[in-house]
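Values in this text are rule-based calculations from the coordinates and carry no lab data. Since the structure is predicted, the reported quantities are computational estimates derived from the model, not experimental observations. Cβ: placed from backbone, ideal geometry, glycine included. Neighbour counts: every protein chain shown.
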Amino acid sequence: MALACAFVFDLIQDFRGGEKRGPENWRNGAYSPRLPLGVLCTYGVDIDAVAGWLGSYGGEDSTSDISRGMFAGTIGVRRLLKLFEKYDMKATWFIPGHSLETFPEECAMVRDAGHEIGLHGYSHENPVDMSWEQQRDVLDKSYRLLTDFCGKPPRGNVVPWWECSEEGIELMLKYGIEYDHSMSHHDCQPYYLRKGDKWTKIDYSKKAEEWMKPLEKGQESGLVEIPGSWYIDDLPPMMFIKNSANSHGWVNPRDIEDIWRDHFDYFYREYDEFIFPITIHPDVSGRPHRLIEHINQHEGVEWVTMEYICDDFKNRNPYPAGALLPSPPGEVLTKSKEDVKSGI
């Protein structure tokens, strides 16, 4: 059903404005395939580790769960590094500040191997549950930690739990973040993210006319969105969480492989150009060899970092007119965090 819906959406709208492969490409009931012009595949690795149990998974009081976080930050990270080295791939690692300070040796291995490093909160906090000041403080500390560690400011961000707050986009722009990987307006095309969309929630204690209103689109921004997809993320099906009533953790990895292969094969068939971002975690991944080999059998495929995708998109697509633009990289480092005003 999900793929069928994706196909219908594909024929209607493409955020990149590219050519669509609609009914005119069907001949006598059969599809006439064409090779894509370019396929940019990327792995986004979230080192949630202990931070994930502190901020999101309900394991902050469990020595067992904290132990699982230790596995992710050490053994899991090293296994993924070995995998990427085997296939000569560079990935983008989104590292919470807590993981950076708890596992400095493993994070240095990531950096020294030439991978990109981006932001992912400090303790995997949910921005929706924080005040504006708390969000600013978390971003400020994590931004400065990564800048000192990498020798340059981070360009990308993944919001913990992919739960961006109302203020989150503005904060990212103020800190000069150029791309985000947390939203899902599309699944295989980057786009410029809007700020301030508004919608009316249903309140059954009121008259229906008070909630029957369309979504109001906000202001365009120059923040590139490299979409995330819960269906191309290893954590929901593969992570056992004791405090979650619908937790998985025993899903057959071959079933997940089939789902991801089907997504890739659909995009490859239907799009001239597309991106294929895969989200993985060292808590549960480290052996996705078959998927890489399947993708590598296709012509036109390139494995890149997310900053490469960001640059490629911006080179092809000028900023929308009147868009809110990111601050210059590193400019915020010349200010105190108190100087970063909300503007709201």
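If you take the alpha carbon atoms of segment 93-190 and fit the smallest convex hull around them, that volume is 100 Å³ per residue.
Starting from the 7 Å offset along Cα-to-Cβ, what nm value, one decimal, do you get for the label separation of Lys86 and Glu133? In this crude label model, Lys86 to Glu133 measures out at 5.0 nm. The order of the peptides 75-82, 306-313 by mean Cβ neighbours within 10 Å, most packed first, is 306-313, 75-82. Taking the DSSP beta bridges with both ends in the chain, the antiparallel portion is around 25 percent. Taken over segment 142-235, lysine pairs spaced eight or more positions apart, or on distinct chains, with alpha carbons under 28 Å apart number 15.
Can you list the chymotrypsin sites (Phe, Trp or Tyr not before Pro) in segment 29-124 that are in a DSSP coil and have 16 or fewer other beta carbons within 10 angstrom? Here the sparse-neighbourhood loop sites are Tyr87. When the C-alpha to C-alpha distance is required to be over 31 Å, the pairs from Lys141/Lys314; Lys90/Lys335; Lys86/Lys141; Lys242/Lys314; Lys86/Lys242 that qualify are Lys90/Lys335; Lys86/Lys141; Lys242/Lys314; Lys86/Lys242.
Quick one: length gained pulling Trp199 to Ala245 fully straight, 0.36 nm per residue minus the C-alpha distance? Intermediate results must be reported in sequence, preceding the final value.
Values: separation 46, 0.36 × 46 = 16.56 nm, distance 2.90 nm.
Using 0.36 nm per residue and subtracting the Cα-Cα distance, I get 13.7 nm.
Take the Cβ-Cβ distance between Arg144 and Ala208 as r, set R0 to 35 Å, and report the resulting FRET efficiency rounded to the nearest 0.05. Walk me through the numbers before you get to the answer.
Numbers: r = 49 Å, r/R0 = 1.41.
Approximately 0.10, to the nearest 0.05.
Residue ranges 324-336, 106-118, 129-141 sort as 106-118, 129-141, 324-336 when ordered by packing (mean number of other C-beta atoms within 10 Å per residue, highest first).
Residue separation of Lys152 and Thr74 scaled by 0.36 nm, minus their Cα-Cα distance, works out to 25.6 nm of gained length. By the gyration tensor of its Cα atoms, with a ≥ b ≥ c the square roots of the eigenvalues, what is the shape of the chain: rounded for a/c under 1.5, prolate for a/b over b/c, or oblate? Note, shape of the chain comes out rounded.
How much mean residue ellipticity at 222 nm does the chain get from its helices, if each DSSP H run of length 4 or more adds -39500 (n - 2.57) and you divide by all residues, to the nearest 500 deg cm²/dmol?
Values: 12 runs with 119 residues, N = 344.
Calculated at 222 nm, the ellipticity per residue is -10000 deg cm²/dmol.
For segment 198-274, the square roots of the Cα gyration tensor eigenvalues, ordered a ≥ b ≥ c, give a/c of at least 1.5 with a/b no greater than b/c, which places it in the oblate category. Classification of segment 31-138 by its C-alpha gyration tensor yields a prolate form. The axis ratio a/c (a ≥ b ≥ c) is 1.5 or more, and a/b outweighs b/c.
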